[in-house]
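J.: This structure is in structure tokens; I'll ask about it shortly.
Since every read-out is calculated from the coordinates, none of them should be taken as a lab result. Bear in mind that the values here come from a model prediction, so they are computed numbers and not experimental data. Cβ atoms come from the backbone with ideal geometry, glycine included; neighbour counts cover every protein chain shown.
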Amino acid sequence: MNAQVITFKTMETEGKGFLSFFEAMHDIPFEIERVYYIYECPENVQRGGHAHRTLDQLLFCPYGSIEIILDDTSNKTSVMLDSPSKGLIIRGPVWRDMIWKKKDSVLVVAASSYYDESDYIRDYRDFVQYVNEGFLKETK
Ligand code: TYD
């Protein structure tokens, strides 16, 4: 599974809270061209339902609790983003669903490329075909 949970470097200021940070190419393995965020979702909303052909992403939840369900056609796993210091790096074609476990949770995504609809795979059968074709190319 091309997905990895990371813990952000975090500074604690006694009595004044925490500061977490990450730097492109230092803490995550790609440059960032775009940041987007999803908010004001009701509880139990499910989003996602797609994969990306080439995009690399870092997902984190600075407020609330969001479950990320991942599927690379061989394996399925689930990651709970329930701490502002936790990040999830997803690289390349991994099918993802996101479930808002708490109302008003915020999902922030740092992405390696500008928005490009042609990088999305929104049909699960197309995704399986895309992954299998890649595998066939590698074994030729
Ligand atoms: P989408 O990625 O499908 O959202 P989710 O996976 O969270 O359900 O994006 C929803 C809509 O927003 C879609 O019409 C494309 C648009 N969009 C942009 O225009 N720019 C962006 O950077 C992103 C992420 C989405």
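J.: For GLU33, enumerate residues with amide H under 5 Å from its amide H, sequence gap 5+ or separate chain, H modeled in the peptide plane.
T.: ALA111, SER112, SER113
J.: Now, a different point. In whole Å, what is the distance between the alpha-carbon centres of region 73-136 and region 1-66?
T.: 12
J.: If you add up the charges near ALA111, with Lys and Arg at +1 and Asp and Glu at -1, over every other residue whose beta carbon is less than 12 angstrom from its beta carbon, what do you get? Walk me through the intermediate numbers first.
T.: On the way: positive: ARG34, ARG91; negative: GLU31, GLU33, ASP56, ASP116, ASP119.
Neighbourhood net charge equals -3.
J.: Can you pull out the GluC sites (Glu not before Pro) in region 1-52 whose DSSP state is coil and whose Cβ has at most 14 other Cβ atoms within 10 Å? Mind dumping the intermediate values first?
T.: Working: sites: GLU12, GLU14, GLU23, GLU31, GLU33, GLU40, GLU43; in loops: GLU14, GLU23, GLU31, GLU33, GLU40, GLU43.
Passing sites in region 1-52 are GLU14, GLU23, GLU31, GLU33, GLU40, GLU43.
J.: In degrees from 0 to 90, rounded to the nearest 10, what is the angle of the helix 124-139 Cα long axis to the longest principal axis of the chain?
T.: Tilt relative to the chain: about 70 degrees.
J.: For LYS102, enumerate residues with amide H under 5 Å from its amide H, sequence gap 5+ or separate chain, H modeled in the peptide plane.
T.: Amide H neighbours of LYS102: ASN44, SER65.
J.: Going toward the positive end of the dipole of the chain, with +1 on Lys and Arg Cβ and -1 on Asp and Glu Cβ, which of MET11, SER65, HIS26 do you reach last?
T.: The residue sitting farthest along the positive end of the dipole is SER65.
J.: Hey, another quick one. For the chain, set up a Gaussian network in which alpha carbons nearer than 10 Å are linked by springs, and say which option among PHE127, PHE18, PHE60 fluctuates the most.
T.: PHE18
J.: While we're on this one: Calculate the dipole size of the chain relative to its Cα centre from +1 charges on Lys and Arg beta carbons and -1 charges on Asp and Glu beta carbons; express the result in debye to the nearest 20.
T.: It comes to approximately 240 debye.
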